[in-house]
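Every number here is computed from the coordinates shown, using simple stated rules; none is lab data. Every value quoted in this text rests on a predicted model; they were computed, and no experiment measured them. Reconstructed Cβ throughout: ideal geometry from the backbone, glycine too, with neighbour counts over all protein chains shown.
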Amino acid sequence: MRRSSKVLKCESSKVWVTAQMPSSVFFVPLCETIRENDRSKVTSANRYWGSDVSNTNSPVLGQQYSYEYDPIGNRISTDNFPFTGEGVPAGGGSSQYSANELNQYVSRTVPPTASIIGSAPANVDVSVNGVAVEKQGTYWHMEGT
């Protein structure tokens, strides 16, 4: 299902902020910030609960990302920064990329964990492979191996 969104703010510093409208899965608004470098490459993408685009105190678990590039635009790393329910960074996964002299990717490392997300009624306990997940209302997240 597709959620509608609208751009709330677009600055010359290339920071996009959008607000997700309520859907049948998530019953609260989400704000998203996307930052770009001077080559229009995405350097970060972060989601937050709520409708105030300036309030970044409630990150959506498992949906905080950053990207790094070499001087000619090849991606050299990605990071996913999951947060605990208290908004504290909880580690996360990092990928490294290597390119050859023809700017072709020749290798990529992947993190040993992956973000697993879903939704369930707020009063239902959720576990994945016997491990309890962190919940934010109906949304849940865990770092799985």
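The table that follows gives values for the structure above.
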| item | result |
| --- | --- |
| GLU68/ALA122 FRET efficiency (R0 30 Å; Cβ-Cβ; nearest 0.05) | 0.25 |
| Around GLU68: net Lys/Arg minus Asp/Glu count, Cβ-Cβ under 11 Å | 0 |
| Protection proxy ranking, peptides 59-68, 115-124, 100-109, 130-139, average beta carbon neighbours within 10 Å, highest first | 59-68, 130-139, 115-124, 100-109 |
| Hz values of 3J(HN,Hα) by residue in the range 124-133 - Karplus curve (6.51, -1.76, 1.60), Gly and Pro given as x | 9, 7, 10, 9, 10, 6, x, 10, 5, 9 |
| Pairwise label distance in nanometres, GLU36 with SER54, each label 7 Å out on the Cα-Cβ vector | 2.5 nm |
| For the range 58-72, Karplus couplings with θ = phi - 60° (6.51, -1.76, 1.60), whole Hz, Gly/Pro x | 10, x, 6, 3, x, 10, 10, 10, 9, 9, 10, 10, 7, x, 9 |
